[in-house]
Amino acid sequence: MQNITIPQLISKYEKIPGGLMPLLHAIQDELGYIPNDVVPNIALGLNLSRAEVHGVITYYHFFRTTPPGKHVIQVCRAEACQACGAEELLSVLESSLNCKRNQTRYDEKITLEAVYCLGLCATSPAVQIDNKLYANVTTEKLKDLFGELEINP
Amino acid sequence: MNVTQIFISCDSAAVALGADVIVEKINAESKSRGIDVKVNRNSTRGMFWLEPLVEVQTSSGRVAYGPIQSADVSDLFDCGFLEGHSHIKYLGLTEQIPYLAKQQRLTFSRMGVTKPLSILDYKSHGGFLGLKKALQNGSEFILKELLDSGLRGRGGAAFPAGVKWKTVQQTEGEQKFVVCNADEGDSGTYSDRMTMEGDPYMLIEGMVIAGLAVHATRGYIYIRSEYLQAITVMQKALQLATESGFLGENILDSGKSFFIEIRKAAGSYVCGEETAMLESIEGKRGVVRAKPPLPAIRGLFGCPTVINNVITLASVPLIIANGADYYKNFGMGRSKGTLPFQLAGNVKYAGLVETAFGLSLRQLIYDFGGGSRSGRPIKAVQVGGPLGAYIPESQWDAPLEYETYAAMGAVLGHGGIVVHDDTVDMSKMARYAMEFCSIESCGKCTPCRIGSTRGVEVIDRIINNQERDQQIELLRDLCNTMVNGSLCAMGSMTPYPVLSALNHYSADFTSD
């Protein structure tokens, strides 16, 4: 699949000024992450050095270089969420899911991430699961959600 | 008989609280009862403790019910909410809810009223009047109105917008740019998100006016990757605005053109700093540039560039439409107009409060906010995001305006207000500020990159009572270096929360 998609994407963005960022987003949207082996092709297509491309990918928190788990659980730990128990929530999740923050669990079912502000600061704490937002989250509420989403602790 | 109009917000905070489920439930319930209703998805009023808020159009205005859970829906029908009758969640006429009635909503006047993508709604509530006036009167007129209005950058730095625009207008350049900074990364802030999700044409109109003022034909909106819905709504709004002639080639047959492109950020907080953002749009690592040259002289791709925050640009259409005198009548001193304050964290009635500058923090967190959500005493309030100072109770009566806060060693920033109750350990918040800086530092300058890591270590030693007095001295010295030696606000302002925590809550820094 990569052989078809990636060159097409590269040719789509190579002429756009500052096209590297949208290209990287497009690749991650397509594959879920940015594999290391696409770096040389991107560099060639956009007339950049491999170091420059690698530098950009690794600079930004949002870009992944390894596949995420089946479910990505993001817990906001910025101040407004901390003021309403985000740290405790994150700690409870780490132990109940058996997965440390910013890691993917051994069975690749879950990636748990600490994020800094989802913009739901008036209804904190906030959690995002697979790109869906949840507000005023409690551990009980999460337990129900995990049941619905078939996320097994 | 007319179909009863119901209004439920599609703002992502409302949806995160279950608004979509309520919509489904109301549609199903009305169908099974054989009643014809129309559910409109509008922007949010910004009263988030009441979301999902259900409003019903009655002859005397919109009547509100909230917060509505799915279990409430059939009960609402039984009580006759379609006729505006009473119910346990009944709130009366929306506009008369004191939280809203006490505000001065200028920029956010359409918020919660209109459907985000409806150009008709936007136009029938004052939309595009500023653009029309700007097209008729031209660049010098726009700049004069903006300068006279006293509008200052709402992103945090509070630089006079008119001065910035004038600099770009007067700088020679084949191509000039207008860049909207929508990388709203400050915790406790969501007014940019609300604007993009709820009133996108206001931002587009502001950017087009900026383009007319400085003779730029291209604009970028740099939106954080966390704001998925904002990106979707803005993209659709750009398309619809172009189709309707308010954007793109030959705007409203004026011969003027302006094009806008959205760029998605990638989770770097420091890209909210204007020069780091430019690097990111250029496809590079978001590393801060040394100034000068100012971006107004040499900005995006080396061209003269206007960079403003969402709220700054969104304030422009109203200023042009109603005139500078109208706008500057609000506010005090050199802080003209209004600021959409965003109440967040441990506060009972968290939400958006747009008022003129000059009210006090105490009014904001008690009269509007109703005290803490937990019911415990409020201990500290962080104003202005992660780089803003913690304000102790002794300073809660100071007027919220730029100069007073600067004199206190604090900032208003982007208007985020994060409330903490008395369970907060301020040494942990100080440590967090340093930790956040070490995670988000772009790494270009030493005081920020290394200082933040050393800062975490020093605070750990203070908390553990290892040579405490000496380490506190060291922390102050380190903060001094960061304030004076960093390239941008990331490093130079991280000491604000750290030192304010240390100075006002010193008891939290001892282990016993």
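In this structure, does B:SER374 turn out to be more than 12 Å from chain A (Cβ to nearest Cβ) and hydroxyl-bearing (Ser, Thr, Tyr)? Reasoning before the result, please.
On the way: more than 12 Å from chain A (Cβ to nearest Cβ): no; hydroxyl-bearing (Ser, Thr, Tyr): yes.
When the stated conditions are applied, B:SER374 does not pass them.
Kindly indicate whether A:THR58 is farther than 24 Å from B:CYS442 by Cα and either aliphatic (A, V, I, L, M) or modelled with pLDDT of 95 or more (or both). So that I can check it myself, show each step before the final result.
Working: farther than 24 Å from B:CYS442 by Cα: no; either aliphatic (A, V, I, L, M) or modelled with pLDDT of 95 or more (or both): yes.
Against the criterion (farther than 24 Å from B:CYS442 by Cα and either aliphatic (A, V, I, L, M) or modelled with pLDDT of 95 or more (or both)), A:THR58 does not qualify.
Results for (1) within 17 Å of the chain's Cα centre (by Cα); (2) among the aliphatic types (A, V, I, L, M); (3) surrounded by 24 or more Cβ atoms within 10 Å (Cβ to Cβ), shown as yes or no for each residue.
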residue	(1), (2), (3)
B:CYS271	yes, no, yes
B:LEU278	no, yes, yes
B:ARG285	no, no, no
B:VAL288	no, yes, yes
B:LYS291	no, no, no
B:LEU300	no, yes, yes
B:CYS303	no, no, no
B:ASN309	yes, no, yes
B:SER315	yes, no, yes
Of the residues that make up the stretch B:47-62, is at least one without any contact (Cβ under 8 Å) to a residue 60 or more places away in the chain, at positive phi and not basic (Lys, Arg)? yes
Where in the stretch B:1-106 are the helices (runs of 4 or more DSSP H), entirely inside, with at least 1 residues that are outside the structural domain of B:LEU151 (by TED's automatic domain parsing) and of a type in the set (S, T, N, Q)? B:12-16, B:19-32, B:73-79
If you check every pair at least six apart or on different chains, which have Cβ atoms under 6 Å apart with a residue in the stretch B:335-360 that is over 9 Å from A:ALA122 (Cα atoms) first and a residue that is among the basic types (Lys, Arg) and surrounded by fewer than 23 Cβ atoms within 10 Å (Cβ to Cβ) second? B:LYS336/B:LYS328; B:LYS348/B:ARG373; B:GLU354/B:ARG105
Do we find that B:LEU151 is surrounded by fewer than 17 Cβ atoms within 10 Å (Cβ to Cβ), of a type in the set (A, V, I, L, M, F, W, C) and in the same structural domain as B:HIS215 (by TED's automatic domain parsing) in this structure? no
Would you call B:GLY384 closer than 17 Å to B:ARG154 by Cβ, in contact with a Leu (Cβ under 9 Å, 6 or more places away or on another chain), surrounded by 17 or more Cβ atoms within 10 Å (Cβ to Cβ) and not hydrophobic (A, V, I, L, M, F, W, C)? yes
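Where in the stretch A:35-153 are there helices (runs of 4 or more DSSP H), lying fully within it, with 1 or more residues that are surrounded by 13 or more Cβ atoms within 10 Å (Cβ to Cβ), in contact (Cβ under 8 Å) with a residue 12 or more places away in the chain and more than 9 Å from chain B (Cβ to nearest Cβ)?
Numbers: elements: A:39-46, A:50-59, A:79-82, A:86-97, A:139-148.
Qualifying helices (runs of 4 or more DSSP H): A:39-46, A:50-59, A:86-97, A:139-148.
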Lone qualifier among B:ALA410, B:ALA433 - being crowded, with 16+ Cβ neighbours inside 10 Å and under 20 Å from B:LEU487 (Cβ atoms): B:ALA433
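Residues that are touching an Asp or Glu at 6+ places or on another chain (Cβ under 6 Å), outside the structural domain of B:TYR220 (by TED's automatic domain parsing) and of a type in the set (D, E, K, R): find the strands (runs of 3 or more DSSP E) completely inside the stretch B:271-385 holding 1 or more of those. Let's see the steps before the verdict.
Values: elements: B:305-309, B:338-345, B:352-356, B:378-383.
Of the strands (runs of 3 or more DSSP E) lying wholly inside the stretch B:271-385, those with at least 1 residues that are touching an Asp or Glu at 6+ places or on another chain (Cβ under 6 Å), outside the structural domain of B:TYR220 (by TED's automatic domain parsing) and of a type in the set (D, E, K, R) span B:378-383.
Sort out for me the helices (runs of 4 or more DSSP H) sitting completely within the stretch B:148-257 that have 2 or more residues that are away from chain A (no Cβ under 12 Å), free of Cβ contacts under 8 Å to residues at least 60 places away in the same chain and touching a helix residue (DSSP H, G or I) at 6+ places or on another chain (Cβ under 8 Å). Steps first, answer last, please.
Working: elements: B:161-170, B:191-198, B:200-214, B:228-243.
Fully inside the stretch B:148-257 and qualifying: B:161-170, B:228-243.
The values are calculated or read from the model by the stated rules, or taken from the named source; none is laboratory data. Only a predicted model underlies this, so the values are computations on that prediction, with no experimental measurement involved. In this analysis, Cβ positions are derived from the backbone assuming ideal geometry, glycine residues included, and neighbour counts consider all displayed protein chains.
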